[in-house]
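First comes the structure, then the notes that go with it.
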Amino acid sequence: MKLEERIILFSDLGKSLNQKIETEDFQGILAFAKSKNGWFTIDNLKKSIQTIIDKYLNESELRNFVALYPNEYFEQLEPKKVGVIAAGNIPLVGFQDIIHVILFGHLAVYKASSQDEILIQYILKELKSINPAVEQCLVLADRLNNMDAYIATGSGNTSRYFDYYFGGKPNIIRKNRTSVAVLTGEETKIELADLGNDIFSYFGLGCRNIAKLYVPVGYDFTSFFEAIEYWNTISMHSKYNNNYDYMKSIYLVNGVQHLDNGFVLLKNDENLASPISTLFYENYTDLENLKERLESQKDEIQVVVSKLPITPNSYRFGESQSPGLADYADNVDTMEFLASIAH
């Protein structure tokens, strides 16, 4: 398929999904996907799909993204086979990689997580109904042997496995990262409520979820707790609540100082990554020093959220879980990588 056909393919997919997302048949697909993963909920599945529709499958977004790169990027005569390995923490978390590979003109050989395989199977079926030629661009596979390159996302442990098996081929191997927010104490209630979305969407399981707050010395968390109160129903999810009860009991038994609003625990801690249901925080006295510190930890941080331009890749409150096509994981330009393997 030519580039124009690929753009129209994804644009038509977005229109199709948008029409079907509330239909009875699609609710059955969502229920099936939910049954495969104890952390998936219908609301989160819909949220993920709607984000993909708005950010990845919108024709103007697709054209604006393509315009960022030279035309020759999208005129490959000999497509390479790119193995894409997705994690299963968030619904369709690997879909951005699929779009990048296909838009470039390579063949995406996609290995879905066993906990997140239903939606991608449905989407491939939809793509085939729009344009059967998509089979030249996207294949689902259980094994990824003899690929020309690999894009793999996982934990610190799985990244070592990926390094061992795929290290001899061009690759992007993503490891654990976490995200942080920098507060000034001057945030509005709306901004703090939006921060709640950055923290609690998908139960905090994603690398783009905020796991730590940096707050000025003497910061009063009252307004923060009030603004995120609408998330209190998160405790109705058994897996999340089990984590909350467990961490709370650990802190109480060991006499660890913490704040508790009934569904999330706040603990003063220098570490970046916090357990599910727990949010770490740390005080700062000088914003410039904090900027330098975050810069030194950039290889461990996926996203910084703040009302201030703390880092070049800072996001506004509420936007961490809605990345666009050019918002690359680990700040590694996937299209540049795909260009590097083209010849």
Radius of gyration and maximum dimension Dmax of the range 39-125, Cα, Å: 14.0, 42
Sites ASN271 and ASP333 - FRET efficiency at Förster radius 22 Å, r taken between beta-carbons, to 0.05: 0.15
Local electrostatic count, LEU45, Cβ distance below 11 Å [Lys/Arg +1, Asp/Glu -1]: +2
14 Å beta-carbon shell around GLU186, net charge (K/R +1, D/E -1): -1
Globularity ratio of the chain, using Cα Rg and 2.2 N^0.38 Å: 1.03
Net dipole in debye of the range 3-176 [+1 Lys, Arg Cβ; -1 Asp, Glu Cβ; about Cα centre; nearest 20]: 600 debye
Potential extension, TYR246-GLN115 segment - 0.36 nm per residue separation minus Cα distance: 44.7 nm
For ILE123, ILE29, order by how many other beta-carbon atoms lie within 10 Å, fewest first: ILE29, ILE123
All lysines inside 17 Å of LYS291 as judged from Cα atoms, apart from same-chain residues fewer than 8 positions distant: LYS212, LYS307
Cα convex hull of the range 178-315 - mean projected area over all directions, nm²: 7.8 nm²
Kirkwood Rh and Cα Rg combined as Rg/Rh, the range 103-253: 1.08
For the range 231-259 and the range 95-156, distance of Cα centres in Å: 37 Å
Among beta bridges that DSSP assigns inside the chain, antiparallel share in %, nearest 5: 5 percent
Principal axis box of the range 100-190, alpha-carbon based, largest edge first, Å: 53, 37, 27
Loop trypsin sites (Lys or Arg not before Pro), the range 103-204, which have at most 15 other Cβ atoms in a 10 Å radius of their Cβ (DSSP): ARG143
Cleavage-rule hits (GluC sites (Glu not before Pro)) in the range 14-115: DSSP loop, at most 13 neighbouring Cβ within 10 angstrom: GLU22, GLU75
Of ALA329, ASN209, THR41, farthest towards positive along the dipole that unit charges on Lys, Arg, Asp, Glu beta carbons give the chain: THR41
Relative exposure of VAL66, VAL182, judged by other C-beta atoms within 10 Å (fewest first): VAL66, VAL182
Along principal axes, Cα extents of the range 1-79, largest first, whole Å: 43, 23, 20
Restricting the range 100-186 to GluC sites (Glu not before Pro) in coil, as DSSP defines it, with at most 11 other Cβ within 10 Å: GLU186
For MET147, MET1, order by how many other beta-carbon atoms lie within 10 Å, fewest first: MET1, MET147
Surface/4 estimate of mean projected area, convex hull on alpha-carbon atoms of the range 3-176, nm²: 10.1 nm²
Net charge of Cβ neighbours under 9 Å - reference TYR315; Lys, Arg +1; Asp, Glu -1: -1
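Values quoted throughout were computed directly from the atomic coordinates according to the rules given, and no laboratory measurement underlies them. Because the structure is predicted, anything quoted here is derived from the model rather than measured. Reconstructed Cβ throughout: ideal geometry from the backbone, glycine too, with neighbour counts over all protein chains shown.
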